[in-house]
Amino acid sequence: MTPRKVYLDNSATTQVDRKVLEAMLPYFSEEYGNPNSLHAWGREARKGVDNARSQVAQLIGAEPKEVIFTGGGSEADNLAIKGAAWALKDKGKHIITSSIEHHALLDTVKWLGKNGYDYTVLPVDETGMADPKELEAAIRPDTILTSIMYANNEIGTIEPVAELGEVCRRHGVLFHTDGVQATGHIKIDVKELPIDMMTMAAHKMYGPKGVGALYVRKGIKLIPVIHGGGQEFGVRSGTENTPGLIGFGMAAELAANRLASGEIDNEIRLRDRLIGGLTERIPEITLTGHRTKRLPYHASICVKYVEGEGMLLLMDAAGIGVSSGSACTSGSLEPSYVLLALGLDHPTAHGSVRMTLSKDTNDEDIDYVLEKFPPIVEKLRYLSPFYKKNQ
Amino acid sequence: MYSEKVVDYFMNPRNAGKLEDANAIGEVGNPKCGDVMKIYLKINDKEIIEDIKFETFGCAAAIATSSMITEMVKGKTITEALSINNKDVAEALGGLPPAKLHCSLLAQEGIEAAVADYFIRKTGRAPEGFRPAHSTCTACGGSCGGGAAVQAKEEEEEKFVSEDHRVAE
């Protein structure tokens, strides 16, 4: 019998769905034409790209022309922030973001800050929520853009994007949201929401890596980050990654089906079984992020008295893949800035573990984790000078 | 990332736990940096380390280096124990990733602090050249602020992400 393997790091990346892979394969060596060519080979590839664009647009309720394919989520974030900042530089130079954004966002904003722009970083509460009132207070006459993520990768909290976007709309400020962790996992309809731009990444929803998209509401102008042949409506040049886009399209279609079928409810049930089971079995652990307003597949905890890397490696040895925001997993001595932004102290933040489920995670997987994890914590706590063994 | 030896010494820690009849204890590191090492020594009249145990809060490398140094100094005289430096520990473990070298320094400092404690208990003062335990945090290059400075720094917690910090998405 082969030992059980349970991959619970789906926030980092997901397994490519077999149907996605099958959809992609012909576009490597059969329909290999350049979608920009006029001949039959090119037309076939173009058909595939157009279809993929429609599939992604449909997932979020957008028009196909509002979807710009990119080489991943980070690139889409860069395009949204730099592209809008440059396009609006005569209107103002102030940008607002939050303290728990992904580096692709924060570092881009910081870079603009070194190049003539000004920015405000909004704090979040202990559950990781940004406050629309604080956003409103931070808006200045020269504010051009706000970017606050749809849901956070480390703590799973879903931000109040509708309220945040509404505030921006009232003040004539563009609103971008990094939807990398959320798209395909929760229902998002950009027609219903005051979102002007949204970042997506295929590999977080069972599609291939290196493929992303930026939703850009009709009428919003962006200055390109990549200049060249004028592909993607002139905003993102470069020959299309045809197989990748086809894969993204199929992943989006499958995600839309899952969201419509209610399959996601089972993921929530398993997530809550995991959180509840861990809390029951291990004393002195805390859930990070919001209890209910969180991603359906996301469980993140902090374990007192131990450091995250040790837990990660012992879990790995038991065949379970998880991640941690501890300093030791990052190569620096600071624990995750996201966890610190919640107001957690350093030792607690060093003990973080994130378990993110997939559509294929089942009850046996959760049983296995609930069986393996508590002794691992016990083992490391025994080694810890902070843990009082005879409590 | 880690050598087989590091993994072994982390998975199967040697000399872990408390030493009830210790006559010297050294604690180094800082919980803020994510590494704290506590070394318990039982030193006999001939100044030989008869028994040693450790408790460590930290990553796999910190636990492995603690584990390794306890093996290296057990049965040695104080002088021999002090001659073992962080490079020896790292070498004995088949090398450490560059970002984890500070853990081996922590191991060396843990022994130094415990030996200093032995002399403080015996003579009332630390021998020349010894740093008293808890006062420094050279293991992390002082980036945590070290000792008392940590408290002050905690007050003015930075609101923004450090330049070199990268986490998995």
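The values are calculated or read from the model by the stated rules, or taken from the named source; none is laboratory data. Values in this document were obtained by computation on a predicted structure and should not be read as measured data. Please note: Cβ atoms are built from the backbone with ideal geometry, for glycine as well, and neighbour counts cover all protein chains shown.
In table form, for the structure just shown:
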quantity	calculated
Test: residue in the range A:363-385 that is assigned to a helix (DSSP H, G or I), within 14 Å of chain B (Cβ to nearest Cβ) and either over 28 Å from B:Asn15 (Cβ atoms) or β-branched (Val, Ile, Thr) (or both)	yes
Residues that are at pLDDT 95 or above and either at positive phi or more than 8 Å from every other protein chain (Cβ to nearest Cβ) (or both), drawn from the range A:313-337	A:Met315, A:Asp316, A:Ala318, A:Gly319, A:Ile320, A:Gly321, A:Val322
A:Leu342 under 16 Å from A:Lys5 (Cβ atoms), away from chain B (no Cβ under 11 Å) and in contact with an Asp or Glu (Cβ under 8 Å, 6 or more places away or on another chain)	no
Yes/no for A:Pro35 being surrounded by fewer than 18 Cβ atoms within 10 Å (Cβ to Cβ) and in a loop (DSSP other than H, G, I, E, B)	no
Condition met for A:Asp360 (of a type in the set (D, E, K, R), under 16 Å from A:Gly319 (Cβ atoms), assigned by TED's automatic domain parsing to the domain that holds A:Asn266 and surrounded by fewer than 22 Cβ atoms within 10 Å (Cβ to Cβ))	yes
Cross-chain or 6+ apart pairs with Cβ under 8 Å, the range A:95-124 first and not assigned by TED's automatic domain parsing to the domain that holds A:Glu136, then surrounded by 22 or more Cβ atoms within 10 Å (Cβ to Cβ)	none
Residue within the range A:241-252 that is outside any helix (DSSP H, G or I), hydrophobic (A, V, I, L, M, F, W, C) and under 23 Å from A:Asn34 (Cα atoms) present	no
Residue within the range B:149-163 that is over 30 Å from A:Pro123 (Cα atoms), modelled with pLDDT under 95 and in contact with a helix residue (DSSP H, G or I) (Cβ under 8 Å, 6 or more places away or on another chain) present	no
Restricting the range A:51-102 to residues that are in a loop (DSSP other than H, G, I, E, B) and within 14 Å of chain B (Cβ to nearest Cβ), the residue that is surrounded by the fewest Cβ atoms within 10 Å (Cβ to Cβ)	A:Ser99
Some residue of the range B:79-96 being within 14 Å of chain A (Cβ to nearest Cβ) and either more than 24 Å from A:Val303 (Cβ to Cβ) or touching a helix residue (DSSP H, G or I) at 6+ places or on another chain (Cβ under 8 Å) (or both)	yes
Scan of the range B:46-63 for residues that are farther than 24 Å from B:Met1 by Cβ and either of a type in the set (Asp, Glu) or surrounded by 23 or more Cβ atoms within 10 Å (Cβ to Cβ) (or both), ordered by number	B:Glu47, B:Ile49, B:Glu50, B:Asp51, B:Ile52, B:Glu55
Selection status of A:Leu145, surrounded by fewer than 20 Cβ atoms within 10 Å (Cβ to Cβ) and away from every other protein chain (no Cβ under 14 Å)	no
Selection from the range A:204-228 of residues that are buried (at least 24 other Cβ atoms within 10 Å of the Cβ) and outside any loop (DSSP other than H, G, I, E, B)	A:Lys204, A:Gly212, A:Ala213, A:Leu214, A:Tyr215, A:Val216
Long-range neighbours under 6 Å by Cβ, at least six apart or interchain, first residue at positive phi within the range B:106-118, second surrounded by fewer than 24 Cβ atoms within 10 Å (Cβ to Cβ) and of a type in the set (S, T, N, Q)	none
